[in-house]
Amino acid sequence: MLTQYHIEMNREALGEHFSERALQIITTANINQDRLAGQFGHDEYHFDNNAIDKGNRYINEQRGYILATLIGAGVSPSVAWSAFGRLLHSAQDFYAHSNYVTLWLDENNASSSALEIDPLTKSILLSPKLHTGKVYFPMDVVYFIKPLRSFALKLLPKDSHGWMNLDSPEQGFKFDYAIRAAVKRTKHEFELLQKLLTPEMLAKFVDK
């Protein structure tokens, strides 16, 4: 998703739980995943190229860093905040870069509100139909040049990032579902950590 939406989702889902300085570091680490260095050779950051297993392992790895940091003595909680930001970027991008929303709408009433979407429907997460957009060079790069976007789409296959992404409202009504799913997933990831962390570790993590 575009930077502004990652920022908005983090604040909506986490703003009441974290101190402002913690939220700023979480958000900075989140959006830094979209830097140029993170766009090449890091499909796990964005769930691109059907890297679903790889993306899930990356999320688990970052969660492990959070726990290890907060268990350790004398380690700044900023390390855990940065790991959480990286984790959330991947979790949020999953809904924008996959056909999860489409499969959810197929399973449910197509007129269901975006507010109703469940981000962790097991039947969809395990479905052989679940896939994420493939990046086709150079046309998926050309896609990001707005005056050339329509030209790029004519040459890109339907399973490309260009055709599949729900990164902004320009992609149509499914964007709202992707945003709602990503916000709910963000809350879920925090709630999971609330269960895993001791009260002392949690207090250090939220910085309040």
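Data overview
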| quantity | calculated |
| --- | --- |
| Filter pass, L115 being surrounded by fewer than 18 Cβ atoms within 10 Å (Cβ to Cβ) and either of a type in the set (K, R) or more than 30 Å from F205 (Cβ to Cβ) (or both) | no |
| Cross-chain or 6+ apart pairs with Cβ under 8 Å, the stretch 176-201 first and of a type in the set (S, T, Y) and surrounded by fewer than 20 Cβ atoms within 10 Å (Cβ to Cβ), then modelled with pLDDT of 95 or more and not in a helix (DSSP H, G or I) | none |
| The listed residue being in contact with a Ser or Thr (Cβ under 9 Å, 6 or more places away or on another chain), surrounded by 15 or more Cβ atoms within 10 Å (Cβ to Cβ), closer than 29 Å to L126 by Cα and at pLDDT 95 or above, out of E44, E12 | E44 |
| Selection within the stretch 1-60 - within 19 Å of F175 (Cβ to Cβ) and hydrophobic (A, V, I, L, M, F, W, C) | M1, L2, I7, M9, A13, I31, F47 |
| Verdict on H97 being of a type outside the set (G, A, S), touching a His at 6+ places or on another chain (Cβ under 7 Å) and farther than 24 Å from V206 by Cα | yes |
| Test: residue in the stretch 130-146 that is touching a Leu at 6+ places or on another chain (Cβ under 8 Å) and among the small types (G, A, S) | no |
| Among residues of the stretch 55-105, those that are free of Cβ contacts under 8 Å to residues at least 40 places away in the same chain, surrounded by fewer than 17 Cβ atoms within 10 Å (Cβ to Cβ) and under 21 Å from S123 (Cα atoms), counted | 3 |
| Matching residues in the stretch 126-147 - criterion: being under 13 Å from V101 (Cβ atoms) and not small (G, A, S) | K129, L130, H131, T132 |
| Odd one out for M1 among (1) in a helix (DSSP H, G or I); (2) of a type in the set (A, V, I, L, M); (3) surrounded by 13 or more Cβ atoms within 10 Å (Cβ to Cβ) | (1) |
| Candidate set from the stretch 194-208 (those that are outside any helix (DSSP H, G or I) and at pLDDT 95 or above); member that is farthest from the chain's Cα centre (by Cα) | T198 |
| Conditions (1) free of Cβ contacts under 8 Å to residues at least 12 places away in the same chain; (2) within 23 Å of H161 (Cβ to Cβ): number failed by I7 | (1) |
| Out of K122, K134, K154, sole residue that is touching a strand residue (DSSP E or B) at 6+ places or on another chain (Cβ under 8 Å) and more than 23 Å from L197 (Cβ to Cβ) | K134 |
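The values are calculated or read from the model by the stated rules, or taken from the named source; none is laboratory data. Predicted model only: the values in this text are computed from it and were never measured. Please note: Cβ atoms are built from the backbone with ideal geometry, for glycine as well, and neighbour counts cover all protein chains shown.
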